Amino acid sequence: MLKAHKNESDGWSPQSWREKEALQLPYYADLDALAAVAQALEASPPLVSAADTRRLKELVAKAAKGEAFLLQAGDCAESFAEFHPDNVRATFDTLAQMAKIIAKETGKPVVLNGRIAGQFAKPRSDSNETQGGVTLPSYKGDIINGLGFTPGSRRPEAERMLRAYRQCAVTLNLLRGFAAETETEFFTAHEALLLPYEEPLVRRDPATGAWHASSAHFLWAGNRTCAPDGAHVAFLRGVANPVGVKCGPEMTPETLLRLLDVLAPANDAGRVTLIARMGRGRIAAALPPLVRAARSDGRIVAWVCDPMHGNTKRAASGLKTRAVADILAETQSFLSILAAESAVAGGLHLELSGRDVTECTGGAITEADLPKRYLTHCDPRLNAAQGLSLARAVAEALR
Ligand code: PEP
Ligand code: CO
């Protein structure tokens with residue numbers, strides 16, 4: 001375990017989140033294995049550099065001012081089974097093409113921030129799942145347990161963190177190669193859900209001495225883990241990375257301002273991205289009060305639209321799906337609301353695969369097509385064609 005640094009003026013240390021209420025974390029029965037994994041991660045190289053993380057913060061600051069557009073996208077949940085260089089390539093290429101479309105129409109640089117190389121751990125509404133009278137822990141992502149509905153598969157195992165770490169390292173290596181080929185900058189982001197994984201990957205920035213999370217350039221708190229006094233926000237508070245917060249329809253202006261006090265006491269540009277995930281039907285009522293609160297209080301934030309998570313529904317077959325029409329409608333509402341509030345629409349946050357998956361309806365895909373290539377381990381993703389058509393529509397609306 002990292003030693004507590006008593007010299008931290010505000011008492012933060014990589015493990016101080018442990019004093020707070022931590023929602024959504026798995027229960028590890030084998031504490032010796034958990035400690036061994038933490039030690040191994042602590043001894044492992046950082047996955048991203050502090051210098052690159054500082055660079056992304058500068059770019060997010062530009063997005064907050066309307067001088068750049070932040071494109072965050074990737075799987076809902078990365079998995080061990082879907083890992084293949086061709087899949088990483090496909091997602092990279094799709095994002096790069098979307099960026100090109102948006103940059104061309106808007107004349108602004110697009111900052112690519114993949115939901116990749118770390119997006120493994122999932123919050124779940126129900127901690128258990130029942131099938132045919134049998135109840136087991138819910139699947140929480142491959143870094144925690146397995147998707148198969150058996151007691152062995154669903155048992156949280158700490159060693160999965162090491163496998164995930166190695167997959168992240170290989171994925172980053174591929175992404176760096178692709179980015180160098182295309183002369184693109186590419187950053188990575190994920191939800192900082194699994195704090196026992198994030199904690200041992202905290203490092204000091206050799207240039208500034210500040211703590212930074214080395215698991216990714218950008219980390220966010222999810223809609224279920226963004227309580228201002230909860231463990232996840234307590235963790236994010238102390239790392240210098242640019243951070244995000246998912247803002248759902250239940251968030252109040254008071255809570256938002258408290259969160260900003262905790263996460264960005266210095267109100268430094270690029271530090272906080274607010275990711276609105278309201279749902280097509282709720283955004284018109286839910287978003288304006290939040291935008292107004294942040295703006296009238298002088299908070300520097302990048303507003304980003306996640307038009308995916310408020311628009312999930314069940315198809316008749318029982319599969320979780322989303323309609324491209326709803327995703328586009330929420331995005332368009334987001335853009336008009338930000339404009340009406342004289343605020344900046346800073347970017348988009350999508351769940352997307354570069355593969356030809358059939359998980360969301362729209363374009364060539366109807367509900368009947370969903371089972372054909374429904375590969376997601378969690379929420380339904382746009383496929384490459386759907387992502388590109390959304391990029392064209394957004395680029396047009398932004399222009
Ligand atoms: C997600 O991004 O996959 C997610 C769980 O989102 P949210 O926290 O907004 O529900
Ligand atoms: Co999701």
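The values are calculated or read from the model by the stated rules, or taken from the named source; none is laboratory data. Everything numeric here is computed off the predicted structure, so don't read it as measured data. Virtual Cβ from ideal backbone geometry, glycine too; neighbours counted across all protein chains shown. Note: areas computed on protein heavy atoms with side chains; ligands, DNA, RNA excluded. Shrake-Rupley method; radii C 1.70, N 1.55, O 1.52, S 1.80 Å.
When you go through A51, A90 one by one, which is the residue that is surrounded by fewer than 19 Cβ atoms within 10 Å (Cβ to Cβ) and closer than 17 Å to R204 by Cα?
A51
Could you say which residue among T321, T361 is more than 16 Å from ligand 1 (Cβ to nearest atom) and within 16 Å of N383 (Cβ to Cβ)?
From the options T321, T361, the qualifying one is T361.
How many residues does the range 50-87 hold that are away from ligand 2 (no atom under 16 Å from the Cβ) and farther than 24 Å from E159 by Cα?
The number of residues fulfilling the criteria is 24.
Would you be able to say whether some residue in the range 89-98 is within 16 Å of ligand 2 (Cβ to nearest atom) and in contact with a Ser or Thr (Cβ under 7 Å, 6 or more places away or on another chain)?
Yes, the conditions are met somewhere in the range 89-98.
Looking at R204, R237, R224 in this structure, which one is open to solvent by 20 Å² or more (accessible area, probe 1.4 Å) and either within 24 Å of R160 (Cβ to Cβ) or within 14 Å of the chain's Cα centre (by Cα) (or both)?
When all the criteria are applied, what remains is R224.
Does the range 101-113 hold any residues that are assigned to a helix (DSSP H, G or I) and buried (at least 16 other Cβ atoms within 10 Å of the Cβ), and which are they?
I101, I102, A103, E105, T106
Go through L259, L287 for me and flag whichever is within 27 Å of D10 (Cα to Cα) and either open to solvent by less than 50 Å² (accessible area, probe 1.4 Å) or in contact with a His (Cβ under 8 Å, 6 or more places away or on another chain) (or both).
After ruling out the rest, the residue left standing is L259.
Among the residues of the range 79-90, is there at least one that is modelled with pLDDT of 95 or more, more than 23 Å from E181 (Cα to Cα) and of a type in the set (V, I, T)?
No, the range 79-90 has no match at all.
Being of a type in the set (A, V, I, L, M, F, W, C), under 24 Å from T312 (Cα atoms), open to solvent by 10 Å² or more (accessible area, probe 1.4 Å) and within 16 Å of ligand 1 (Cβ to nearest atom) narrows it down to one residue among L147, L193; which is it?
Among L147, L193, only L147 is of a type in the set (A, V, I, L, M, F, W, C), under 24 Å from T312 (Cα atoms), open to solvent by 10 Å² or more (accessible area, probe 1.4 Å) and within 16 Å of ligand 1 (Cβ to nearest atom).
What are the residue pairs meeting all of these: first residue in the range 56-68, first residue touching a residue at least 40 places away in the same chain (Cβ under 8 Å) and under 13 Å from V110 (Cβ atoms), second residue assigned to a helix (DSSP H, G or I) and open to solvent by 10 Å² or more (accessible area, probe 1.4 Å), Cβ atoms under 6 Å, and 6 or more apart or on different chains?
That search, which allows pairs on different chains as well, returns A68/L59; A68/K62.
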